[in-house]
Every structure is written in structure tokens, then in C-alpha cells.
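J.: Before I ask anything, here is the structure I am working with.
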Amino acid sequence: IALLCDFDVDGISSGAVLYTAFVDYFNCDPLLIKPVISNRMKAGYGFSEDVLRRISEMNPIPTLIITADQGSKDNDRVKKYNELMASKNIKGADVIITDHHHLEGKGPEDAFAVVNPQREDCEFEDKTICGCTVALFTMVEVREQLIKRGVLEQNSKKLTDLLTFSTAATIADCVSMASPLNRAIVNLGLKDMNNGTRAPWRSMRKIFSDDTETLRTDSIGFGLAPRINACSRTGGDGLVALKFYLADSEVEA
């Protein structure tokens, strides 16, 4: 499974949600999950030709691609990926788009699915959520389906503590705070961050917080976000930022 993520805070946060959900919650082998961050300096935004080339050079080539915070206007690459897999006689290969950007109609027609509140036929009540929240809600539904199909136990752990990634993305992406849902995500997520539910947040408190060691919206907007964004803006591929999110200890973070 290749996770195609954007290089900003929203995309990196989405990548952390998807990777953690598959590995820590759905018990997937981490060697089968391949994060692919768009290279801002070399290839720009989206499911680009460069990203397609990188995927085609993997061994084996991923048979499932999931995008995060991008892909809604990249049907050309989706189609080329499908053609590539067909030419290699690899069956069952699919692309799933998760995104929140504006798109035309229902999005890439050659994708297996397009999960985006901006779709013309989407009945979800809030069109302002960030890409990470779309990715998180998608994984919540995946968990429900895995339980229904007997892959996971009924009492398997919920994805609640991944809400903090959506909090970081919601603040950094400057989505509407007129949205009750976005406000709830920020309020609940900040509480979890300050409770130190994950190693990166405990590390953040020591670096970005004020004298009271309380993480606030400005701790993320002016502390975390510029650093996450700098990873790609200084020539990197964003994987260092993703590894920060996925750190198991404060030292590693």
C-alpha cells in the first residue's frame, strides 16, 4: 500500500494517520506500507509524474494507492497507474483518493473511490474540514468495516488518539473555525496533546510551549507548522517530518 501524501502539515499529518491506522490499529506489516511524500522542490504538488515514476520503480509495485490531501485533479496519473499495472498483468490494483480540495464533479473517474466532501454528490454536512480529517474519518470507517468482516475484534481499539493529528492539520491549514466540527477537533485534540497521548506531543511541550508548558493553537501555528513545512521547503522529501509524528519516544521525536 502506497500512501501518497502532500508535503505540508495537512499532508504529513494525513500520512501519520493513515500509516498509524494500518500498522498500529489494523495490524498490517509495516514493511507493506510505503509513505510517498510529494517533493515540493523537484516535482511540486499532487500525484505527479515524478510520484508515478517512484511508485513504478518500487519492488514490488504497490497494488493499492491511497492519496491524502491531494489527488482530486490527478486523473491522468491515476489512469497511467492503472495502465501500468495492466501492462504488467497485475490485477486488483486500485487508487483511492482522499482529499478536501475543490474538484469537478465526482473527481478522478479512473479511481476506485474518491472521498472528498467537495464532491457534487457528497452529503457530508461540513465542506470545510482539512485533508487529515478526511483521512481520519476514512480510517474510522475502515475500522468499522474490518470489524463487520471479522478481521478485527469488536472491542478493537478506536482511533481516538489520532485526532491530535487532525488538530495540528486543522490549525495549520487555516480552515474555517466557524465550523463546530473543526472547533471540536481543535478543542479535543489540544487536550489530548497536553495530556501527552503521543511521544511527539510530549516532545513539543518542551520546545514549543510557553512557561506553563501548555500547548495552544499558536504553539502549532507558529511553532510546529513552520518546522513541518520547512522539511520540504529546504529540499527534503518530508519523511523526516513524518518520522517525527511516528516517533515512539520523546528521544526519537
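J.: Could you count how many residues in region 50-75 are acidic (Asp, Glu) and in contact with an Asp or Glu (Cβ under 9 Å, 6 or more places away or on another chain)?
T.: 1
J.: Regarding GLY105, is this residue more than 29 Å from ASN182 (Cβ to Cβ) and part of a loop (DSSP other than H, G, I, E, B)?
T.: no
J.: I need the full set of residues from region 57-96 which are part of a helix (DSSP H, G or I) and surrounded by fewer than 15 Cβ atoms within 10 Å (Cβ to Cβ), in order please.
T.: Matches in region 57-96: ASP76, GLU83, ALA86, SER87.
J.: State the number of residues belonging to region 27-56 that are more than 16 Å from the chain's Cα centre (by Cα) and either on the phi > 0 side of the Ramachandran plot or not in a helix (DSSP H, G or I) (or both).
T.: Final tally of qualifying residues: 9.
J.: So, one more: Condition (residue is open to solvent by less than 60 Å² (accessible area, probe 1.4 Å), assigned to a strand (DSSP E or B) and of a type outside the set (D, E, K, R)) applied to region 114-130: is it met by at least one residue?
T.: yes
J.: A further question on this structure: If I go through region 1-19 residue by residue, how many of them are open to solvent by less than 10 Å² (accessible area, probe 1.4 Å), hydrophobic (A, V, I, L, M, F, W, C) and within 14 Å of ARG233 (Cα to Cα)?
T.: Final tally of qualifying residues: 2.
J.: Name the single residue, out of those in region 142-188 being open to solvent by less than 30 Å² (accessible area, probe 1.4 Å), in a loop (DSSP other than H, G, I, E, B) and not hydroxyl-bearing (Ser, Thr, Tyr), that is nearest to LEU246 (Cα to Cα).
T.: Looking at residues that are open to solvent by less than 30 Å² (accessible area, probe 1.4 Å), in a loop (DSSP other than H, G, I, E, B) and not hydroxyl-bearing (Ser, Thr, Tyr), I get LEU159.
J.: Also: Go through (1) of a type in the set (S, T, N, Q); (2) touching a helix residue (DSSP H, G or I) at 6+ places or on another chain (Cβ under 6 Å); (3) surrounded by 17 or more Cβ atoms within 10 Å (Cβ to Cβ) and name the single condition THR217 misses.
T.: THR217 satisfies all of (1) of a type in the set (S, T, N, Q); (2) touching a helix residue (DSSP H, G or I) at 6+ places or on another chain (Cβ under 6 Å); (3) surrounded by 17 or more Cβ atoms within 10 Å (Cβ to Cβ) except (3).
The values are calculated or read from the model by the stated rules, or taken from the named source; none is laboratory data. Since we're looking at a predicted model, the values are computed, not measured. Here Cβ is always computed from backbone atoms with ideal geometry, including for glycine, and neighbour counts include all displayed protein chains. Areas reflect the complete protein model, heavy atoms only, side chains present, ligands, DNA and RNA absent. Shrake-Rupley method; radii C 1.70, N 1.55, O 1.52, S 1.80 Å.
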